[in-house]
Amino acid sequence: MKSQYMPTNRRTMHLWMTSFCLLIFCLHGFSQKASKDTGTGAPKEEDYYQIRTVRIPEHISLEVGGLAFMSDDALAVCTRKGEVWIIHDPYMKGGKLPSYKLFAQGLHEPLGLNYIDGDLYLTQRAELTRLRDLDGDGEADEYKTVTSWPLSGNYHEYAYGPVLDKNGNMMVNLNLGWIGYGASLSKWHGWMLRVDRDGTIKPFATGLRSPAGFGLNDQGDMFYAENQGDWVGSGSITHVAEGDFLGNPGGLVWAGEPGSPVKLKKSDLPDNDEPKYDVALRVPGLKPPSVWFPHTILGISTSAILNYDQHGKMGPFEGQLFVGDQGQSKIMRVYLEKVKGVYQGIVFPFREGFSSGILRQVWGSDGSMFVGMTSRGWSSDGGGLYGLQQLVWNGKTPFEMKTVQARPDGFEFTFTEPVNEKTAKDVMSWKIGSFTYMYHHQYGSPVINQGTCPIRAITVSPDRMSVRLVVDSLRLGYIHEIRAEGVRSSSSKPLLHAYGYYTLNRFPDGDKLAITAENKVVPMAMHDHQAMAAESGKPVPQKASAKRVTRQPSDWKKGPDQVIVIATKPGLKFDLETFSVKPGARVKLVFNNNDDMLHNFVIGKPGSADKIGGAALKLGLDGEKMSFIPSMPEVLVHTILLHPKESDTIYFTAPDKPGQYPYVCTYPGHYLVMRGVVKVQ
């Protein structure tokens, strides 16, 4: 797909890459399927939450940019193609098919829609627009500009919203441009803006990179979703208050403008690979995420934020947030708590298996969730180019960790049904570790400073609905991986989702749990996996190996027989779909990453592309520092993982056996479409 249609939220909206992430991963290489257990009778997401597909006529490319229900319960949908469709009977009750009516067209890639006081409002690239049907024929007659902002013409200058704040003001987010790094090429890009009803723009906060999703929690506080990129180690959601600086310095070029509530300069920020939380302790105004989403494990392109309020019916999780992901086509669940005035909390898997990349979610009048999707020219999990689906809860309650709250000495868990006390008190049922990411100008970050968090004591409440753990080595600003694979319900059910990631920004006050002979965990060498001392420091870059030779071999006296130069191009593609070499030829290969996301180059044995790509998904938290190169005999030759605009040169001898040898990018999910063939002939 051409660059002007490059995605908003998936490594360039966090770049919209793809991934069939199996929800597998652990802090030290442990791998286990997350949403589906292989045991007999194991719970599955579809046992509780059904996905229904809303029919879309063949002539409509419903690449969803925004969703909004209207007063007559019709669903309005704006699309990337610049159209607004009104869908009647989207619930398909009694088998009735929905009907579609074109309401507006000719718009410039609207990526947000809201129904406010009887009118539809949407964001185009350069303006906030109000649409009205003046003659009642079901088509918009008036396209009124409420307010506008400048554009440079850069393909990455997306705009989102409007979302109403708790006072009824319209809020709009503007994407940074992309010129090899995030840059604000026209005024207020990289900012969240407040728009009064008269169209007056007031800058609200900056430091945004690709803020495709934002919304209110049940307290009326605003949160926005961010994606991995420059200055952004991984996806996250963050509480946004007026005057906040969220981390990416691109928008700071407008901090000196009249009305700006942010006064920081880019020179105020260190760029030395420290964790963002640590930098925020020294830089007033810099706000770390409320909840980190570990990259490739819980999403790669964080999108819509939907509050579970009185409109929803989705199980016993009221007051929590449902957050979509465009690349992995799934929804996560977030429980937030406010500790000493600061938000923090935990993210869990919730429902995967949607047909395309999730960009927008909205509640229907029956409490179901309508999910709007688009791959936006980049493949997403599910394979569909676009889609509209309905998520319905069947009334059965899954056994889940409902909430996780920080305590002065550990964590307290509540469950959706009573736990089996024996399994909950067994330390082997639990595993906790911590890690974080670098805050720097480079694109993304490997996992750093991994450590284990030994459990010292466990208590179960009398009603067995909650469990408290006393945990050592918890660290402020760190993501804590919590696994409870061994915990069972009183009826012996395993957890539907046995892991989550808690971001700890503050320790709460309160009493610590007294450790007694009854609740104390017997060390037993801390059962091996808790005995490991905390690791710290940066990951060691991948070195040259037999499969990655970076210097011309000394016995190549006449140099290489062939020189191959291959590069990336937009749309998850190599610029060469195939090239030929002779058996046993000495090859110098130069791989240039011209794209604005991470890529590598891997040659495998014939027929091995899917196997190699699938194995790369299972590397989990260790994946990036391993360049997402799985250790397996099918991998013949590879480069390292390259940041945008980087290059790697390798030398290898072509196989002696003629055949077709696949090459792929093994960054999670890319192998599905980003591949080619070396013809040895």
Quiz item: Hey, among the residues in the range 158-188 that are touching a strand residue (DSSP E or B) at 6+ places or on another chain (Cβ under 7 Å) and charged (D, E, K, R), which one's farthest from residue 199 (Cα to Cα)?
Solution: 166
Exercise. Identify all residues within the range 488-502 that are polar (S, T, N, Q) and either not in a loop (DSSP other than H, G, I, E, B) or not assigned by TED's automatic domain parsing to the domain that holds residue 414 (or both); write none if there are none.
Key: 489
Quiz item: With respect to residue 322, is the statement that it is under 17 Å from the mean Cα position of the chain (by Cα), buried (at least 23 other Cβ atoms within 10 Å of the Cβ) and without any contact (Cβ under 8 Å) to a residue 60 or more places away in the chain true?
Solution: yes
Quiz prompt | Output for the range 468-486, where each listed residue is of a type outside the set (Lys, Arg), part of a strand (DSSP E or B) and under 29 Å from the mean Cα position of the chain (by Cα) | solution = 469, 471, 478, 479, 480, 481, 482
Practice problem: Scan the range 283-310 for residues that are assigned to a loop (DSSP other than H, G, I, E, B), closer than 16 Å to residue 337 by Cα and of a type in the set (S, T, N, Q) and report the count. | Solution: 1
Quiz prompt | Residues (crowded, with 16+ Cβ neighbours inside 10 Å and over 19 Å from residue 163 (Cβ atoms)) located in the range 95-142 | solution = 98, 100, 103, 104, 133, 139, 140
Quiz item: Any residue at all in the range 124-143 that is on the phi < 0 side of the Ramachandran plot, basic (Lys, Arg) and over 25 Å from the mean Cα position of the chain (by Cα)?
Solution: yes
Quiz prompt | strands (runs of 3 or more DSSP E) lying entirely in the range 523-620 (those with 2 or more residues that are within 34 Å of the chain's Cα centre (by Cα) and either crowded, with 20+ Cβ neighbours inside 10 Å or at pLDDT below 95 (or both)) | solution = 562-569, 586-592, 602-604
Exercise. State whether one or more residues within the range 166-180 are assigned to a loop (DSSP other than H, G, I, E, B), hydrophobic (A, V, I, L, M, F, W, C), at pLDDT 95 or above and not assigned by TED's automatic domain parsing to the domain that holds residue 593.
Key: yes
Self-check item: Among residues of the range 167-210, those that are free of Cβ contacts under 8 Å to residues at least 12 places away in the same chain and buried (at least 21 other Cβ atoms within 10 Å of the Cβ), counted
Solution: 0
Quiz item: Restricting attention to the range 461-482, which residues are touching a Cys at 6+ places or on another chain (Cβ under 7 Å) and within 21 Å of residue 515 (Cα to Cα)?
Solution: 471, 472, 473, 474
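Is it the case that some residue within the range 325-344 is small (Gly, Ala, Ser) and farther than 23 Å from residue 46 by Cα?
Yes; the residues of the range 325-344 include at least one that is small (Gly, Ala, Ser) and farther than 23 Å from residue 46 by Cα.
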Exercise. Only residues that are more than 20 Å from residue 233 (Cβ to Cβ), polar (S, T, N, Q) and not in a loop (DSSP other than H, G, I, E, B): list them for the range 443-467, please.
Key: 452, 459, 466
Quiz prompt | Sole residue being under 30 Å from residue 309 (Cα atoms) and modelled with pLDDT of 95 or more, chosen from 268, 218, 230 | solution = 218
Quiz item: Among the residues of the range 194-219, which ones are under 17 Å from residue 243 (Cα atoms) and either assigned to a loop (DSSP other than H, G, I, E, B) or not polar (S, T, N, Q) (or both)?
Solution: 194, 195, 201, 202, 203, 204, 205, 207, 208, 209, 211, 214
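The values are calculated or read from the model by the stated rules, or taken from the named source; none is laboratory data. Since the model is a prediction, treat every value here as computed from it, not as a measurement. We place every Cβ from the backbone using ideal geometry, glycine too, and count neighbours over all the protein chains shown.
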